[in-house]
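Working notes, structure below.
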């Protein structure tokens, strides 16, 4: 039996998506910048996809920039903002995707920005008050991911956004007062708001994505997490904010992202977004069944991350006394695909930075497995996985020198 439980890493292209994108790889291959008919067919298709994504996010179509995926969208969001300021301050968390973390670290290393990395709670949740306390006079960007790609924790994005809006209101009032008093202090008469970015790559299929409701200024999407092919993503950028292009060349994407558009990918992303039905209840019920059975039937297992504030498709377990990689290899031998963390870091031998930030325990980080469900996951597949997992864990613990005697028998 083949069981795929790594939807957080990537998802199969949906049939309806493949059907609509295929013509753009064959007969409708025109360059959308060309004025002849084939080119204009491509241009019209891009415009239609942009409208679909704008409707999904409740924003203006001109606020959507197509990218090569979530990583580029995150890089573009951060660099596109800080390019307009002199050594600004960024606030992010220690459990962000590496697309955000490594961008911030690079900006620090090159002296382009100061960065504060906030530690999550033991459940992997960022406290809104911690963000508020970290705000400085030169803070211009907060970047917090909506759903963590490893442990599935859902961050309070709406609450963060509303807090930042209050801070911006206070900044404006202080700026007006300084201008009236003619006080010659830093930014004395200039109002500089804080902008809010969220990496929503893992959230799209299950969480509220209305950017007005979330109070965000920038939001990243990725196609291959929701049934579109790899190599396509999007970034929402609120019209009113200062934003600079990071790729230079042509005037594609309103001058914000040069390069001939990936027409087939864009069409596919538009269709994939259109197909999202928020299968939250069904997936969550199956996920809870999975978690409850594993915790009940396999000894010395702990759930990583919050049970309450968790994406409906994520189950991440710590199996004490054994290595996660050994579990993965044995699962693969019986046809089950899962992950030991982020797919983007799977070649690294370092422990998960997410689990280390939350728990500070390298043994826990090395002994954890992530299972992520999709809309096609069945109860039969979950039962098969649990039954095989019980056998694998028991076998590995018998040969592990760390296993206590009572678990060897």
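What follows is calculated from the coordinates using simple rules that are stated; it is not laboratory data. For clarity, every value in this text was computed on a predicted model and none was experimentally measured. Cβ placement follows ideal geometry from the backbone for every residue including glycine, while neighbour counts extend to all protein chains displayed.
For the chain, the longest principal axis of the Cα atoms and the long axis of helix 70-82 meet at an angle of about 40 degrees. Put in order of Cβ neighbour count within 10 Å, fewest first, the listed residues 246, 1 become 1, 246.
Over region 218-288, what is the mean sequence separation of C-alpha contacts under 8 Å (at least six apart), divided by residue count, expressed as relative contact order in percent? Computed value for region 218-288: 29 percent relative contact order. Highest GNM mean-square fluctuation among 130, 199, 60, for the chain modelled with Cα contacts below 10 Å: 130. Take 271-277, 152-158, 399-405, 360-366 and order them by the average number of nearby Cβ atoms within 10 Å per residue, most first; the result is 152-158, 271-277, 360-366, 399-405.
Just to be sure I follow: if Rg is taken over the C-alpha atoms of region 215-263 and Rh is the Kirkwood radius over the same atoms, what is Rg/Rh? For region 215-263, the value is 1.00. Considering only 14, 87, 26, the mean-square fluctuation computed in a Gaussian network model of the chain, springs between alpha carbons under 10 angstrom, is largest for 26. State the antiparallel share, in %, of DSSP beta bridges confined to the chain, rounding to the nearest 5. Counting DSSP beta bridges with both partners in the chain, the antiparallel share is about 55 percent.
Under the shape rule built on the C-alpha gyration tensor, where the axes satisfy a ≥ b ≥ c, region 1-116 is oblate, since a/c reaches at least 1.5 while a/b does not exceed b/c. Under the criterion of Cα pairs below 8 Å and six or more residues apart, the relative contact order for region 17-101 equals 15 percent. Give the Debye-formula value of log10 I(q)/I(0) at each listed q (0.14, 0.20, 0.22, 0.23 Å⁻¹), with one equal scatterer per alpha carbon of region 246-330, two decimals each. Once normalised to I(0) and log-transformed, intensities are -0.73, -0.94, -1.05, -1.11. Sorted ascending by nearby beta carbons within 10 Å, beginning with the fewest, 46, 53, 90 become 46, 53, 90. Spatially, region 227-245 and region 27-47 are offset by 21 Å when compared through their Cα centroids. Normalised by 2.2 N^0.38 Å, with N the number of residues, the alpha-carbon radius of gyration of the chain equals 1.06.
Hey, what angle do you get for helix 157-181 against the long axis of the chain, alpha-carbon based, 0 to 90 degrees rounded to 10? Helix 157-181 and the main axis of the chain meet at about 30 degrees.
Between 80, 161, 259, the residue with the greatest mean-square fluctuation in the GNM of the chain (Cα pairs under 10 Å linked by springs) is 259. Take every pair of alpha-carbon atoms less than 8 Å apart whose residues are at least six positions apart; their mean separation over the length of region 15-275 yields a relative contact order of 28 percent. For 352, 306, the sequence from fewest to most other C-beta atoms within 10 Å is 306, 352.
Once Rg and the Kirkwood radius are both taken over the C-alpha atoms of region 67-153, their ratio Rg/Rh works out to 0.95. Which angle from 0 to 90°, rounded to the nearest 10, does the C-alpha axis of helix 280-297 make with the longest principal axis of the chain? Tilt relative to the chain: about 40 degrees.
The mean of 1/r over all pairs of different alpha-carbon atoms in region 50-96, once inverted, gives a Kirkwood hydrodynamic radius of 12.7 Å.
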